[in-house]
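The values are calculated or read from the model by the stated rules, or taken from the named source; none is laboratory data. Bear in mind that the values here come from a model prediction, so they are computed numbers and not experimental data. Every residue, glycine among them, receives a Cβ derived from its backbone with ideal geometry; neighbour counts consider all protein chains shown. We work out accessible area using only protein heavy atoms, side chains counted, and drop any ligands, DNA or RNA first. Shrake-Rupley method; radii C 1.70, N 1.55, O 1.52, S 1.80 Å.
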Amino acid sequence: MVVLQAESEVAAANMLYGGAACGKKVMTSSSSPGVSLKMEAISYIAGAELPALVVNVVRGGPGLGTIQPAQSDYFQATKGGGHGDYHSIVLAPNSVQEMADFVELGFDLAFKYKNPSMILSDGMIGQMMEKVELKDFKPRLTEQEIIEKYGDWATTGKTADRERNVTTSLELQSELQEQFNIKLQKKYRELEANEVRFETAFVDDAEYLFVAYGSSSRICMKAVEIAREKGIKVGLLRPITLYPFPKKELNQLADQVKGMLSVEMSAGQMVEDVMLSVESKVPVEHFGRFGGIIPSPDEIVKALEEKIIKG
Amino acid sequence: MDVKDIIKEENLAYKKTKVLTDNEMHYCPGCTHGVVHKAIAEVIEEKDIQEKTIGISPVGCSVLAYNYIDIDWQEAAHGRAPALATAVSRLMPEKYVFTYQGDGDLASIGSAEILHACNRGENIMVIFINNGIYGMTGGQMAPTTLPGMPTSTSPYGRDVKLAGNPLKMTEIVAQLPGTTFVARHSAETAGAVRKLKKAIRKAFDNIDEKKGTSFIEVVSTCSSGWKLQPDASNKWMKENMFPFYELGVLKDE
Ligand SMILES: Cc1ncc(C[n+]2csc(CCOP(=O)(O)OP(=O)(O)O)c2C)c(N)n1
Ligand SMILES: [Mg+2]
């Protein structure tokens, strides 16, 4: 394994771009301000269709913000973040176990789709101590195995038996650039059809629904318990992939519940995707604390009562 | 004697290296880029390292260098080629990795990446094409633009009080312990190209010997950007660029 401390997040992410183009498993990690700097290279990696893994342990912003946990980088992570029409595959762990597991999942998806993956964590999951079971070590693929499994695109040196491999995101002819973008969009539709991951709890008899990911989903589990003690039948849907987003599942649940509360440590970002999924079938509201504040389960239950039930 | 008798393999005085593709270059007449591409390609052929060489092309007029030199290439973001090269060389230490960068790319937006790559002594070659301007985007002032030199964004000449003085990147990187070979060349005559090729060969040899970063500046012209005929550009370069950017080997360890 090669490990290098780069001079900046800009350089680190561009090293990732270079390493990805060699067909190697490459990852980089940072917290929000650093990830903003990585966006340049992430856009190039998406444009050059290369696999790579980025980890963002989110802190509150904007600007230098705070070093406390937040979920305010949802837009940046799921909607592209850098320039151009692209998406990273975004995985949202809610335990230390998943922080470990999603590294492998992130790489698998990145190679399968030749696309950047991102683990979107937060300062709470990122600093928590929990028991972790590490899976058996899998030896990394050889150059030949990568070619067999994922295709012969890596820049490992042009041998006599093939054309030169060029990794680039440049196509100056607009007609061809449009064709390339159509191809990218096809890939995103495939991701949306095949790679949505989510988890539900207490939804069978639910009249209301919390939608929450990462740390917020753990706090919401407690809020579900408190609410149910009070006789409020609430369940939880936790998106595990934030992109692709569990649109269909939320839309179906909207036929069952009377309202949904998107609980995020942000001023309301994922709530927009929940609203789009639900297509105005039921009221959708947002509750969040931000700037590094973590909401309490009681606050969340109170918000459900005030914003949705009384609503 | 018929033409057929003359055009024969044994009468061939010059042959294009196989490492250059047959693609027609997009460069303007008189441009230095094509000459330097050819020099690099010839050394790759002479050293027989086509299968082991990976180039990193920049943003600038030479962004499409991958269309001309028949090796594997990565196309970097503006200024970031040394970061990509760092990864490629560290992940595949047995390969010959080089960046090819303009002066806007290397000395301005990519100044951090090049300094740190050289300081870490990455085992790569850097080719630095200094034509004193941002050629591709319309001849704007670059960090390398000479004092008083007119450009599209300094039509009355570079005012150093306003824009600062030109950066001599080659002198700067020569001070760093990570660099092993630092030289400034040109490519306007056959003799100059010969010297340049020798430097490129040395740089590739240094990669063999894992000696650290080899950095070769090529003082270049940009006829279109300078708004001069190619021959007048060469004259202008010799009279104005050479006294400021002195040719020669700055470091050879
Ligand atoms: C981040 C970013 N900023 C600006 C540009 C626009 N741009 C394209 S080429 C170029 C100038 C390159 O000049 P130089 O490196 O000197 O190369 P030359 O064309 O002179 O060979 C610029 C600024 C870009 N592509 N990306
Ligand atoms: Mg230039």
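Just to be sure, is A:ASP273 surrounded by fewer than 16 Cβ atoms within 10 Å (Cβ to Cβ) and among the acidic types (Asp, Glu)?
When the stated conditions are applied, A:ASP273 does not pass them.
Within the range A:10-36, how many residues are within 11 Å of chain B (Cβ to nearest Cβ) and in a helix (DSSP H, G or I)?
12
Which of (1) within 16 Å of ligand 1 (Cβ to nearest atom); (2) over 30 Å from B:GLU171 (Cβ atoms) does B:GLU113 not meet, given it meets every other one?
(2)
Listed here are the residues, each with its yes/no results for (1) within 14 Å of another protein chain (Cβ to nearest Cβ); (2) of a type in the set (D, E, K, R).
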position	(1), (2)
B:GLU9	no, yes
B:ALA13	no, no
B:LYS18	yes, yes
B:MET25	no, no
B:LYS38	no, yes
B:VAL43	no, no
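Residue check: is B:ILE207 in a helix (DSSP H, G or I) and either within 16 Å of ligand 2 (Cβ to nearest atom) or within 14 Å of chain A (Cβ to nearest Cβ) (or both)?
yes
Which of the residues belonging to the range B:65-77 are more than 8 Å from every other protein chain (Cβ to nearest Cβ) and within 15 Å of the chain's Cα centre (by Cα)?
If the condition is that a residue be more than 8 Å from every other protein chain (Cβ to nearest Cβ) and within 15 Å of the chain's Cα centre (by Cα), then B:ALA65, B:TYR68, B:ILE69 are the ones that fit.
Of B:SER62, B:SER108, which residue is more than 7 Å from every other protein chain (Cβ to nearest Cβ), surrounded by fewer than 24 Cβ atoms within 10 Å (Cβ to Cβ) and at pLDDT 95 or above?
Matching residue, one of B:SER62, B:SER108: B:SER108.
Residues of the range A:260-306 being under 13 Å from A:ALA223 (Cβ atoms) and part of a helix (DSSP H, G or I), which ones?
Correct list: A:PRO297, A:ASP298, A:GLU299, A:ILE300, A:VAL301, A:LYS302, A:ALA303, A:LEU304, A:GLU305.
Could you list, in sequence order, the residues of the range B:140-177 that are open to solvent by 60 Å² or more (accessible area, probe 1.4 Å), within 14 Å of ligand 1 (Cβ to nearest atom) and under 18 Å from B:THR221 (Cβ atoms)?
Once the filter is applied, which keeps residues that are open to solvent by 60 Å² or more (accessible area, probe 1.4 Å), within 14 Å of ligand 1 (Cβ to nearest atom) and under 18 Å from B:THR221 (Cβ atoms), the range B:140-177 yields only B:SER152.
Could you tell me which numbered condition B:ASP103 fails, if it satisfies all but one of (1) open to solvent by 20 Å² or more (accessible area, probe 1.4 Å); (2) within 16 Å of ligand 1 (Cβ to nearest atom)?
Unmet for B:ASP103, out of (1) open to solvent by 20 Å² or more (accessible area, probe 1.4 Å); (2) within 16 Å of ligand 1 (Cβ to nearest atom): (1).
Mind checking whether some residue in the range A:225-241 is in a helix (DSSP H, G or I), within 22 Å of A:TYR74 (Cβ to Cβ), modelled with pLDDT of 95 or more and not assigned by TED's automatic domain parsing to the domain that holds A:PRO116?
There is no residue in the range A:225-241 that is in a helix (DSSP H, G or I), within 22 Å of A:TYR74 (Cβ to Cβ), modelled with pLDDT of 95 or more and not assigned by TED's automatic domain parsing to the domain that holds A:PRO116.
Which ones in the range B:69-86 are open to solvent by 10 Å² or more (accessible area, probe 1.4 Å) and more than 16 Å from ligand 2 (Cβ to nearest atom)?
Passing the criteria: B:ASP70, B:ARG80.
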